[in-house]
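The values are calculated or read from the model by the stated rules, or taken from the named source; none is laboratory data. Keep in mind that this is a model prediction, so the values were computed, not measured. Positions of Cβ are generated from backbone atoms using ideal geometry, with glycine treated the same way; all protein chains shown enter the neighbour counts. Heads up: the accessible areas ignore ligands, DNA and RNA and are worked out on the full protein's heavy atoms, side chains in. Shrake-Rupley method; radii C 1.70, N 1.55, O 1.52, S 1.80 Å.
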Amino acid sequence: QVQLVESGGGLVQAGGSRRLSCAVSESIFSFNTMGWYRQAPGKQRELIAALSVGTTTNYADSVKGRFTISRDNAKNAVYLQMNSLKPEDTAVYFCNVFRYGTNYWGKGTLVTVSS
């Protein structure tokens, strides 16, 4: 069973930065896509950043230009660098990997942005 563990959440002031990490229990080479989702209170979970085979990236309009997804193959890790944070970025952030029709999820890490 693939396991994902997110870390790096916490309280940050508006305008600040935060880097989330996702440790994956096996080689990330085996996954078709990797991504970060978030779920704000009372809202549905949404995809905000995705990294496909190779280096293709996609971002939600709400984070484009502020967030960057990356990977470290040697560490089996996926990262989300978040800059210029806004109070509306407050949410639980989830790491996701996908292969052979199956999604794998972490338990999430809470990011709270204070105004």
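Per the listing Arg45, Arg19, Arg38, the residue uniquely open to solvent by 70 Å² or more (accessible area, probe 1.4 Å), within 17 Å of Val113 (Cα to Cα) and of a type outside the set (A, V, I, L, M) is Arg19. Of all residues being part of a loop (DSSP other than H, G, I, E, B) and hydrophobic (A, V, I, L, M, F, W, C) in segment 1-16, which is least open to solvent (accessible area, probe 1.4 Å)? Just the residue, please. Out of the qualifying residues, it is Val2. Remark: Ser30 matches the filter, which requires a residue to be farther than 15 Å from Thr112 by Cα and over 11 Å from the mean Cα position of the chain (by Cα). Pairs meeting the criteria (first residue in segment 15-39 and on the phi > 0 side of the Ramachandran plot, second residue open to solvent by 60 Å² or more (accessible area, probe 1.4 Å) and hydroxyl-bearing (Ser, Thr, Tyr), beta carbons under 7 Å, at least 6 apart or on different chains) are Gly15/Ser84.
Within segment 84-99, the set of residues being outside any strand (DSSP E or B), in contact (Cβ under 8 Å) with a residue 60 or more places away in the chain and open to solvent by 10 Å² or more (accessible area, probe 1.4 Å) comprises Ser84, Lys86, Pro87.
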